[in-house]
Amino acid sequence: MTAALLVLLSLTVENDSASTILADAPRPAIVAVCPEDFRRAMAPWVKHRTDQGYDVRLVSNLGTLEEIRGRIRAVAPAERLKFLVLVGDVPTGMDGSPAGDVDAAAAARCVPTPYAKAKVILPWGPERKIPNDAWYADLDDDHLPDVAEGRLTADTPEELAVIVAKTLAYERSTDFGLWRRQLNFVAGVGGFGALLDTLLESATQYLLTGGVPADYQVRMTQANWRAAYCPDPRRINQATIDRLNDGAMFWTYIGHGRPQRLGAMRVPGGGYPLLSTRDVWQLRADRGPSIALALACYTGAIDSRPDCLAEAMLRQPGGPVAVVASSRVAMPYAMAVIGMELMNACFNEHAPTLGEAVLAAKRNLISPSEKTETRTTLDSIASLASPSASLADERAEHVVLFNLIGDPCLRLRWPRPVTVSAAVDGADRTKLVVEGNSPIAGRATIELVRPLGQLGFRPPRRTCFPDTPNAWAEYELTYQKANDRRVSTAESRVDPGPFRTELTLPDDLAGTFQVRVFVEGRDGFATGSTSVHLAKPPEKEKTSGVPPHRPRAGGQPV
């Protein structure tokens, strides 16, 4: 059967009983709840997924919630249904009532969402209802999603065409440069209270150290004017935008949020904004658009009017390729756990698609397949610090709160492994010999770096807020130095198989460092890392011009 015929079949609107065409095919199925007006804009996406071997089905968005869910369940057996895509915005406001600015024509382009009753978050937000897209993905009614689900929140065919084009370009990209290993973090000030801030800081530290392999490069931006990772506070907005435009696999924000903006940076006498919907026109990541993770309140409010920050970023051609964010108030504990579980699904389990990574994070949020020591510690701290009466209820509510705003079928590219070893040259301690084995040919970048969080300098102690040109310049210099962990670097061409290179070391360098290798190939990329301990150099013998004492018999000096 030709691909063109498959596309034609997949564009047929399913009725309540669902067509049985291709029902017995062994291919994994994708169901897209898609308004009629969006079918043409979705056609390139349908063809792309069909060419990848999926049985793609589009079903109608009309009717009641139960009718829509019935179509989803009837299209393919549960064991074949792999992805669920909701195409269109939500036709209601944040109170769950019909949105006043959505007319009948616009509503026909929306996919309605059921609303779950808020419980745990009630004391911290005015909303009593939470949009519950996860309900569609729950095939066995156990209150847990069973298939990877995401929403393409377009209001018009033109907006959907932008999202589709950006998604397909991301998957088809043959740019395997250093952006593939880049992770950018933006952290706001907590302000939840001493215990909760400690909880969030602990989770952040895990994300940066325990959750991220040493192969990856992390760039930190802190909206805290006392921190070494803070740029010129007047430029915090531009720095936040720049980190989205740099090109990175993940861009993660941790802090406060509102539907249309991130929390502001507070300074004595005022504050500076980080990012809002008014800034998205500046997003232009021509290479490596990020997957954005917002560990914050409200930034993923898919029923917000006007549209939320996550939706605005997704629709921008140069914005993130997908966004994971909360639709309401998010609690520090559960928010931290879902971030940890998402990192684990990506960097340890190498989930093949973003939707499967989010699905694994949500299911492990409720019932972890393996409870790590870090997760156990976090749960223990939360039992003392979290204001929730039940941590289980808090976790369950965050399965509903966090949504994937983007394509759940988005394929993730993971590096092939490079084996690496390193040792100081026995004859010359200023040379570090690095040996390894690359699975691919390409341009290799070999670096000796300080462990994450260790600075190679003493940062200035900031006791008062600056107000001079020299002070602003110092901020930028310190910010750049803090994010540059490299001690020594080299580049070379490598072929598949063994390679050897040397890095030049300062003669007084001592401590534990990391050697990391990145190989940019024609058809993929590869990474590897290892730790190396450099012994403190022997102290040179001091000479004063006075002959050393020679002991007499009996041990007395001459």
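The values are calculated or read from the model by the stated rules, or taken from the named source; none is laboratory data. Note that the structure is a prediction, hence the values are computed from the model and not measured. Don't worry about glycine lacking a Cβ; one is built from the backbone with ideal geometry, like all the others, and counts go over all protein chains shown.
Numbers below:
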read-out	value
Residue within the stretch 275-285 that is touching a Ser or Thr at 6+ places or on another chain (Cβ under 9 Å), farther than 21 Å from residue 338 by Cα and at pLDDT below 95 present	no
Residue selected from the stretch 486-531 under the condition among the basic types (Lys, Arg) and in contact with an Asp or Glu (Cβ under 6 Å, 6 or more places away or on another chain), by the criterion surrounded by the most Cβ atoms within 10 Å (Cβ to Cβ)	516
Criterion: modelled with pLDDT of 95 or more, under 15 Å from residue 186 (Cβ atoms) and in contact with a Pro (Cβ under 9 Å, 6 or more places away or on another chain) - qualifying residue of 244, 314	244
Candidates 96, 70, 63, filtered to the one that is touching a Lys or Arg at 6+ places or on another chain (Cβ under 6 Å) and either exposed (fewer than 15 other Cβ atoms within 10 Å of the Cβ) or farther than 20 Å from residue 354 by Cα (or both)	96
All strands (runs of 3 or more DSSP E) inside the stretch 205-312 with 3 or more residues being under 18 Å from the mean Cα position of the chain (by Cα) and crowded, with 19+ Cβ neighbours inside 10 Å	217-222, 250-254, 291-295
Total residues in the stretch 487-508, condition more than 14 Å from residue 432 (Cα to Cα) and either among the polar types (S, T, N, Q) or without any contact (Cβ under 8 Å) to a residue 60 or more places away in the chain (or both)	6
Boolean, residue 136 is closer than 19 Å to residue 407 by Cβ, assigned by TED's automatic domain parsing to the domain that holds residue 43 and not basic (Lys, Arg)	yes
Residue in the stretch 352-362 that is more than 22 Å from residue 170 (Cβ to Cβ) and either touching a Leu at 6+ places or on another chain (Cβ under 7 Å) or crowded, with 24+ Cβ neighbours inside 10 Å (or both) present	yes
Subset of the stretch 361-375 that is out of contact with any Pro (no Cβ under 9 Å at 6 or more places or on another chain) and outside any loop (DSSP other than H, G, I, E, B) - its residue that is nearest to residue 347 (Cα to Cα)	361
Criterion: aliphatic (A, V, I, L, M) and surrounded by 22 or more Cβ atoms within 10 Å (Cβ to Cβ) - qualifying residue of 381, 366, 405	405
Options 144, 139, 152: the member that is of a type outside the set (D, E, K, R) and crowded, with 21+ Cβ neighbours inside 10 Å	152
Top-ranked residue in the stretch 115-137 [being part of a loop (DSSP other than H, G, I, E, B) and at pLDDT 95 or above; ranked as farthest from residue 81 (Cα to Cα)]	132
Condition check for residue 115: of a type in the set (Phe, Trp, Tyr), surrounded by 18 or more Cβ atoms within 10 Å (Cβ to Cβ) and free of Cβ contacts under 8 Å to residues at least 40 places away in the same chain	yes
Extreme residue, farthest from residue 221 (Cα to Cα), among residues of the stretch 475-485 that are crowded, with 16+ Cβ neighbours inside 10 Å and in contact with a Pro (Cβ under 9 Å, 6 or more places away or on another chain)	485
Test set (1) touching a helix residue (DSSP H, G or I) at 6+ places or on another chain (Cβ under 9 Å); (2) at pLDDT 95 or above - residue 420 fails condition number	(1)
Output for the stretch 241-275, where each listed residue is of a type in the set (Val, Ile, Thr) and over 22 Å from residue 306 (Cα atoms)	252, 254, 267
Search result, residues across the stretch 327-360 that are in a helix (DSSP H, G or I) and not aliphatic (A, V, I, L, M)	332, 333, 339, 341, 344, 346, 347, 348, 355, 356
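Condition check ((1) modelled with pLDDT of 95 or more; (2) within 30 Å of residue 56 (Cα to Cα)) across all residues:
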residue	(1), (2)
343	no, yes
353	yes, yes
374	no, no
431	no, no
452	no, no
